[in-house]
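So the structure is just underneath, and the comments pick up after that.
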Amino acid sequence: MTMTVARDEVQAPQRPTPADRPTVSFELFPPRSEDGANRLVATIAALESARPDFVSVTYGASGRTRQTTRRLVAQILHTTSLTPIAHLTCVDNSRDETVAIIEEFLDEGVRSFLALRGDPPAGATDWQPHPAGLRTSAELVTLLREVEAARCARSQAQAVRGLVKPLSVAVAAFPRGNHATGGTRADDVAALLSKQQAGADFAITQVFWDAPSYLALVGEARAAGVTIPIIPGILPATDPDRLVRVGRLTGVTPPDDLLARLTGYDDPTARHRAGVRVTADLVNAVLDGGAPGIHVYTFNQHRAALDLLDLTHLGGAPAPRTEPKDLV
């Protein structure tokens, strides 16, 4: 059965003109199977219709998805209109190996990176830097800038390309502190300032479930001297099992009342509809608080992401539509 949601059911504030609309971006990860690859092709095509500002592509711990990440980034770069941002970590690689990886991406034409410290390798109890490697994401930002500067110094052609398409470097931020390091929000603000000083251009946050967490992070960061944009990372709350799994990985536990509400639906369509609405409320709250845009964690699925953009009037259309929109 098809269900519709009238526009006045979700109170979305009037957004700026299309030229000033909040940024919209998505996160994807390399497919793990042939079926996953086929589904991802359809997902990318659907997400492309929203005209996002960029899509990021994850990079597994210890670089275990290095080649598949590179292939996916190249596919997006050369066969779609999307701008890919390649995740890059400093886990389990020497400095020279990390330089080689950066060079591979740059040779492919990649001009944007998300510089991350990265998670410990599978089976490891804690994070340990490579003896000849980097220790922090701030060091990785510095290395990215150094590699780009060296390339431009070696070649005037590369220097011109660098001027036409400047290298951009994003970093992570943690509204509730970095669970992986045991850090507090204050620790993350200090780290964010270091990343900015190293040459980071903007930040994307880890998932969170309440607008005050994000707004408090931004407020404390601004007070500490962080000026780069901080984009909130948003996970559509349509799958309670996924929310629990993400909570275990990130240490950001979904609220009990949200899980109870979602699991109270026997009808998957009703659950999806309710989850999109809850997430739309969160998006509206952070945008009203001054967020520059949203970064949607898609888990390689487009339906919830596009429904969310529709309810928040961020879908890239020339102007917000007023007619009802099917959510299924």
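Read-outs throughout are calculated quantities, based only on the coordinates presented, and are distinct from any laboratory measurement. For clarity, every value in this text was computed on a predicted model and none was experimentally measured. Here Cβ is always computed from backbone atoms with ideal geometry, including for glycine, and neighbour counts include all displayed protein chains.
Calculate the FRET efficiency for ARG222 and THR253 from the Cβ-Cβ distance with a Förster distance of 35 Å, rounded to the nearest 0.05.
Efficiency computed from Cβ-Cβ geometry: 0.85.
Could you work out how much longer the chain between ARG95 and ASP210 gets when fully extended? Use 0.36 nm per residue separation minus the Cα distance between them, nm to one decimal.
Residue separation times 0.36 nm, minus the Cα-Cα distance, leaves 37.6 nm.
Extending each Cα 7 Å along its Cβ direction at SER81 and LEU163, get the distance between those two points in nm, one decimal.
2.9 nm
Rank these for me by crowding, GLU104, GLU34, GLU148, going from fewest to most other beta carbons within 10 Å.
The order, fewest Cβ neighbours first, is GLU34, GLU104, GLU148.
Just want the ordering: PHE174, PHE54, from fewest to most Cβ atoms lying within 10 Å of their own Cβ.
PHE54, PHE174
Quick one: length gained pulling ASP107 to ALA190 fully straight, 0.36 nm per residue minus the C-alpha distance?
26.6 nm
Ranked by Cβ crowding within 10 angstrom, fewest neighbours first, how are ASP210, ASP107 ordered?
ASP107, ASP210
By per-residue mean of other Cβ atoms within 10 Å, what is the highest-first order of 268-280, 149-161?
268-280, 149-161
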